[in-house]
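Report on one structure; see the data block that follows.
The values are calculated or read from the model by the stated rules, or taken from the named source; none is laboratory data. Here the structure is a predicted model, which means the values were calculated and not measured. As a convention, Cβ positions derive from the backbone with ideal geometry for all residues, glycine included, and neighbour counts pool all protein chains shown. Keep in mind that these areas ignore ligands, DNA and RNA; they rest on the heavy atoms of the full protein, side chains included. Shrake-Rupley method; radii C 1.70, N 1.55, O 1.52, S 1.80 Å.
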Amino acid sequence: MEKMTIKEILDADLTKNYKGEDFDPEQNYKGFKLLIEQGTKMYRVGNTIYMVDSAGKDTIEWHTSNAERSDALLVNTNKFLKRLKADGVKTAFTYYDNPKINAIVEQFDFPTEVNKVNEGKYKTFKAEVSL
């Protein structure tokens, strides 16, 4: 897949993963830029963006915006997780709603525990990765 701009990735993610939701792509992009200005760390692998926040000592929470197919998403996420480990992170976790993501998470290169947590919208599942 051809390299996309960050805005194109964010727009593709909204279109693909948030059908029926009332999200404004321009507001989404402005919110993304604001998070970066406020210190949220961003990693990019291919056409996948990972937004990372500290969640305690050696622990981070990440959110993914993706414009890739699921096979590329798996490859990109494994590269991202390896980078986190190299940066000294011990535990990384993310929340998601789509149960199809479980099939990707099960293939991570690191031990991963998935729990159904039902902590609200966009937080049905929690995947916690030991790096």
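Taken together, the residues in region 88-105 that are modelled with pLDDT of 95 or more and in a loop (DSSP other than H, G, I, E, B) amount to 3.
Quick one: is D71 of a type outside the set (K, R), over 18 Å from P99 (Cα atoms), out of contact with any helix residue (DSSP H, G or I) (no Cβ under 6 Å at 6 or more places or on another chain) and open to solvent by 30 Å² or more (accessible area, probe 1.4 Å)? The answer is no for D71. For region 89-107, the set of residues classified as open to solvent by 30 Å² or more (accessible area, probe 1.4 Å), under 21 Å from Y43 (Cβ atoms) and either among the small types (G, A, S) or more than 15 Å from the chain's Cα centre (by Cα) (or both) consists of K90, Q107, listed by residue number. Here region 1-54 is the region considered, the condition is being outside any loop (DSSP other than H, G, I, E, B) and among the aromatic types (F, W, Y), and the residue that is most open to solvent (accessible area, probe 1.4 Å) is Y29. Among the residues that make up region 112-129, is at least one of them part of a strand (DSSP E or B), in contact with a Gly (Cβ under 9 Å, 6 or more places away or on another chain) and either more than 18 Å from L14 (Cβ to Cβ) or of a type in the set (S, T, Y) (or both)? No - not one qualifying residue is present in region 112-129.
Does V114 fit the bill of being in contact with a strand residue (DSSP E or B) (Cβ under 8 Å, 6 or more places away or on another chain), of a type in the set (V, I, T) and open to solvent by less than 50 Å² (accessible area, probe 1.4 Å)? Lay out the reasoning, then the answer.
On the way: in contact with a strand residue (DSSP E or B) (Cβ under 8 Å, 6 or more places away or on another chain): yes; of a type in the set (V, I, T): yes; open to solvent by less than 50 Å² (accessible area, probe 1.4 Å): no.
Here the answer is no, as V114 does not meet what is asked.
A single member of K57, K79 is assigned to a helix (DSSP H, G or I) and surrounded by fewer than 18 Cβ atoms within 10 Å (Cβ to Cβ), and it is K79.
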